[in-house]
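Enquirer: Have a look at the structure that comes next, please.
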Amino acid sequence: MLHLPIYLDNNATTPVDPRVLESMLPFFTKYFGNAASHSHTFGWEAEAAVKYAREQVALLINAEPNEIIFTSGATESDNLALKGIFEMYAAKGNHIITVSTEHKAVLDSCAHIEKLGADVTYLNVNKDGIIDLKELESAIKPTTILLAVMYANNETGVIQPVKEIGMIAKKHSVLFFSDATQAVGKIPVDVIQDNIDLMAFSAHKIYGPKGAGALYIRRKNPRVRITAQIDGGGHERNFRSGTLNVPGIVGFGKACELCKIEMQKDGDNMKILRNKLESALSETKKSTINGSTKHRLPNVSNMSFKNRNSAELMGKLSNTIALSSGSACTSATLSPSFVLKAMGLSDEEALSSLRFGLGRFTTEEEIDYTIGQLTEFLAD
Ligand SMILES: *Cc1c(COP(=O)(O)O)cnc(C)c1O
C-alpha cells in the first residue's frame, strides 16, 4: 500500500528507526539517572548505557570509545572543531583551508573565527563538485593549522577524496577535520584508513533522534587537542560540559549499530531505486544530474530540470512528495543554491534543481509514484 505523502528528504533528517526508539524509551522513565551521578545506581545505570553507546558509535567509524565526544548534533560538533582548533593552535598559526561548498555550520564557524583573526582560504570545486588536490596542497602555508573538508555534500551527495586529503594533511603536519554527517552510516567511514583527525556527525541523519551528535577527536598519531566551547562540569573529558542526553545518546548508539550491520544492504537498495529514478527522468530529456555520478552517496540525486522552476515543481508536489531544492536551512529563501553555483551552474539552472534524498524506508512503489508525477509535470 502506497502511503502519501512520500518522504524523499532524508538528507534533511530521517525518521527514527522503531528499533532505535525502543532502545531509548526506558531511559526516559525507568533509567532516568544523570550519567555523572556517581553515588547511586540511577547514575551508574545511565553511565553504563552511555559507555555502551560510545562503543557502538566508535565501532562504526573505527575509532576508540574515548575518542568520541557527545554533542547536541553536527552543528555543535562543527563549531567545536573549528573554534576549538583555532584557539588551541593559535601559537602555531591562524590559517585554515576549507571549501566553498561546505555546510553552513562550517562556513559560519569559519566566518566567526575570521572576525577573531583567522585567515581562511575557501577552495573552489569543479563541475563535479570535487576539490583539486594540487590546489589544496599549494594553499598550505607555514601558518596552516587545519584542513576542513566535508566527506560528502548534503545537497549533491558528492564525495570528496578524503583519504588523499588526509595524506596531504599528514605530509604537511596539519590537522584534517571532516564534517561526515552525510557519509557516516551511509558508506564505510574509517578514521584510520581515511587519515581523519577530527570528524563531525549526527544521529538524526542516520535514523537516530534529533539532538544527539558526536565529534571524533584523534588521541594518537597525532594526539589532537582542542579548547572547549561549553564550559561547566567538565563532562566529556572537559571538551563539552553539560548533563548528557542519555536517551539521545543511547538511540545514537543503537542507530550506529544498525548502520554497521545494514548499511551495505540499504545502500545497494537505495542505489537501485535512485538509479531507476534518474534513468526514468532522463527519458523526459529535461533532467540533468548535478555533481559526480562516480563519487557519490548511494541515496542522493540532485537534478536540474530544463525550463522548470524548482519552487513551482515542489509546490505542485507538496501534498504528495516531500522534497527539497537544496539544504533545508536555506530553502526558506528563494536564492539559488550556493553549492550548485560553486559547481558552475547558472542562477536559472540552480533554481530549477531538486534534491531527492532516499532513505532506509524508501520503497520501489514510492519511487514509481514519484517518477509518474514528475514525468507528468515535465511533459508539457
Ligand atoms: C545536517 C548536517 C549538519 C547539521 O547537523 P545537525 O545535527 O542538524 O546540527 C551539518 N553538516 C552536514 C553536512 C549536514 O548534512
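Enquirer: Here is the link list: K30/K254; K171/K210; K51/K115; K134/K265. Which ones come out longer than 28 Å on Cα distance?
Expert: In this structure, K171/K210; K51/K115; K134/K265 exceed 28 Å between Cα atoms.
Enquirer: Heavy atoms only, probe 1.4 Å: what % of the accessible area of region 18-86 goes to carbon and sulfur, would you let me know?
Expert: Values: 2040 of 3270 Å².
Percent of accessible area from carbon and sulfur atoms in region 18-86: 62.
Enquirer: At R0 = 25 Å, how high is the FRET efficiency between N319 and R19 if r is their beta carbon distance? Nearest 0.05 is fine.
Expert: For N319 and R19, the calculated efficiency is 0.25.
Enquirer: Let me ask something else. For region 122-132, what does the Karplus curve 6.51 cos²θ - 1.76 cosθ + 1.60, with θ = phi - 60°, yield as ³J(HN,Hα) per residue in whole Hz, taken in order and with x for Gly and Pro?
Expert: 9, 6, 8, 10, 7, 5, 7, x, 10, 7, 9
Enquirer: Here's a follow-up. Would you grab the residues whose amide H sits under 5 Å from the one on I321? Only those 5+ places off in sequence or on another chain, please, with H modelled 1.01 Å from N.
Expert: Correct list: I6.
Enquirer: Moving on. Using only the Cα atoms of region 18-257, build the gyration tensor, take square roots of its eigenvalues as a ≥ b ≥ c, and label the shape rounded, prolate or oblate: rounded if a/c is under 1.5, else prolate if a/b is larger than b/c, else oblate.
Expert: In terms of gyration-tensor shape, prolate.
Enquirer: Based on the alpha carbons, how large is the Rg to Rh ratio for region 333-380 when Rh follows Kirkwood?
Expert: With Rg and the Kirkwood Rh in hand, the quotient comes to 1.08.
Enquirer: Near the amide H of D9, under 5 Å away, which other amide H atoms are found, from residues 5 or more places off or on another chain, if H is placed in the peptide plane?
Expert: G357
Enquirer: Going toward the positive end of the dipole of region 18-257, with +1 on Lys and Arg Cβ and -1 on Asp and Glu Cβ, which of G33, T98, I187 do you reach last?
Expert: G33
Enquirer: Another question about this same structure. Considering only protein heavy atoms and a probe of 1.4 Å, how much of the accessible area of region 219-277 is carbon and sulfur, as a whole percent?
Expert: Of all accessible area on region 219-277, carbon and sulfur atoms account for 50 percent.
Enquirer: At 1.4 Å probe size, what's the solvent-accessible area of R19? Round to the nearest 10 Å².
Expert: The accessible area of R19 comes to roughly 90 Å².
Enquirer: A 32 angstrom limit on the alpha carbon distance is what I want to check against. Which of K83/K220; K186/K286; K170/K306; K104/K127 exceed it?
Expert: K170/K306
Enquirer: Something else now. Please quote Rg/Rh for region 114-208 to two decimal places, taking the Kirkwood radius as Rh and restricting both calculations to Cα atoms.
Expert: Taking Rg over the Kirkwood Rh, I get 0.97.
Enquirer: Based on the alpha-carbon gyration tensor of region 280-380 and its eigenvalue square roots a ≥ b ≥ c, which shape applies: rounded if a/c is under 1.5, prolate if not and a/b is larger than b/c, or oblate? Don't jump to the answer; show the numbers that get you there.
Expert: On the way: a/c = 1.34, a/b = 1.21, b/c = 1.10.
Rounded, because the longest to shortest axis ratio a/c is under 1.5.
Enquirer: Would you mind telling me the antiparallel percentage of the DSSP bridges in region 18-257, rounded to 5?
Expert: Working: 10 of 25 bridges.
Roughly 40 percent of the beta bridges in region 18-257 run antiparallel, per DSSP.
Enquirer: Among the complete DSSP H segments of the chain, which ones combine at least 30 Å of alpha-carbon extent along their axis with a mean Kyte-Doolittle hydropathy of -1.0 or more?
Expert: 41-61, 246-282
Enquirer: Using the per-residue mean of other Cβ atoms lying within 10 Å as a proxy for protection, in what order, highest first, do the peptides 261-268, 58-65 fall? Walk me through the numbers before you get to the answer.
Expert: Working: 261-268: 14.9, 58-65: 18.8.
The most tightly packed comes first, giving 58-65, 261-268.
Enquirer: Please turn the phi angles of region 337-343 into ³J(HN,Hα) values with the Karplus equation 6.51 cos²θ - 1.76 cosθ + 1.60 (θ = phi - 60°), one per residue in order, whole Hz, x for glycine and proline.
Expert: 4, 5, 5, 5, 5, 5, 8
Enquirer: Taking only protein heavy atoms into account and a 1.4 Å probe, give the accessible area per residue of the chain in Å². Please report the intermediate quantities before stating the final value.
Expert: Numbers: 16180 Å² over 380 residues.
I get 43 Å² per residue for the chain.
Enquirer: Under unit Cβ charges (Lys, Arg +1; Asp, Glu -1), what dipole magnitude, rounded to 20 debye, does region 18-257 have relative to its Cα centre?
Expert: The dipole magnitude comes to about 340 debye.
Enquirer: Dipole of the chain (Lys/Arg Cβ +1, Asp/Glu Cβ -1, origin at the Cα centre): which of W44, L273, T320 lies farthest to the positive side?
Expert: Ranked along the dipole, the leading option is W44.
The values are calculated or read from the model by the stated rules, or taken from the named source; none is laboratory data. Fair warning: this is a prediction, and the values are worked out from it, not measured in the lab. A quick note on method: Cβ atoms are made from the backbone with ideal geometry, for glycine too, and the neighbour counts reach across all protein chains shown. For accessibility, only protein heavy atoms count, side chains too; no ligands or nucleic acids. Shrake-Rupley method; radii C 1.70, N 1.55, O 1.52, S 1.80 Å.
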